[in-house]
Amino acid sequence: MYDLEIRMTNQPGQLALMGDTLGAAGISVEGGGMFLVDGVGVAHFLVDNGDEATTALTAAGLDVAACREVLVQRLDQDTPGQLGAFCGAMAAANVSIEVLYSDHDHQLIVLVDDVAAGQRVSQQWTAKNRN
């Protein structure tokens, strides 16, 4: 899975253009969100094929600032403190979390500064917290 970071002008229709463009290319958005930061729309959306999505969005005139591999982590929704404990495990491994959101399947989507180290933490977390 890949996270697309898309920069958008702050005007109506930008998210519609993004969604319509991906839909026309047969690409499903699996999660994400958009925030206005200093007057610029900064969107992060999860897709299966980052290259195809980047090509389609760029052709439509949208600014794909980055396309990055993500970590996908399931937390126990019924156990308070899971997010803090997982983020603490990343911090203890000196892994910086740069972007975090949920997908449509209630999984945590995480972008980190060191993917290999983040994957090790994620795998250890899953093994330790398997029910």
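The values are calculated or read from the model by the stated rules, or taken from the named source; none is laboratory data. What you see is a predicted model; the values in this text were computed from it and never measured. Cβ sites come from the backbone with ideal geometry, for glycine too, and all protein chains shown count toward neighbours. The protein model used for the area step is the full one, side chains on, heavy atoms only, and it has no ligands, DNA or RNA in it. Shrake-Rupley method; radii C 1.70, N 1.55, O 1.52, S 1.80 Å.
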Original post:
Taking segment 23-41, which residues are loosely packed, with under 12 Cβ neighbours inside 10 Å and over 20 Å from E52 (Cα atoms)?
Top reply: F35, L36, V37, D38, G39
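State whether the residues of segment 70-83 include one that is more than 18 Å from the chain's Cα centre (by Cα) and open to solvent by less than 50 Å² (accessible area, probe 1.4 Å).
Our first condition is that a residue be more than 18 Å from the chain's Cα centre (by Cα); within segment 70-83, this holds for 76-82.
Narrowing the set further to residues that are open to solvent by less than 50 Å² (accessible area, probe 1.4 Å) leaves 82.
Within segment 70-83, one or more residues are more than 18 Å from the chain's Cα centre (by Cα) and open to solvent by less than 50 Å² (accessible area, probe 1.4 Å).
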Subject >> Among the candidates T54, T58, residue that is open to solvent by 20 Å² or more (accessible area, probe 1.4 Å), in contact with a Leu (Cβ under 9 Å, 6 or more places away or on another chain) and modelled with pLDDT of 95 or more >> reply: T54
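Could you list, in sequence order, all residues of segment 107-131 that are open to solvent by 20 Å² or more (accessible area, probe 1.4 Å) and closer than 11 Å to I97 by Cβ?
At the first step, the residues of segment 107-131 found to be open to solvent by 20 Å² or more (accessible area, probe 1.4 Å) are 107, 113-116, 119-120, 123-131.
Hits for segment 107-131 are D113, D114.
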**OP:** Within segment 20-30, count every residue that is assigned to a helix (DSSP H, G or I), within 20 Å of the chain's Cα centre (by Cα) and within 11 Å of A60 (Cβ to Cβ).
**Re:** 3
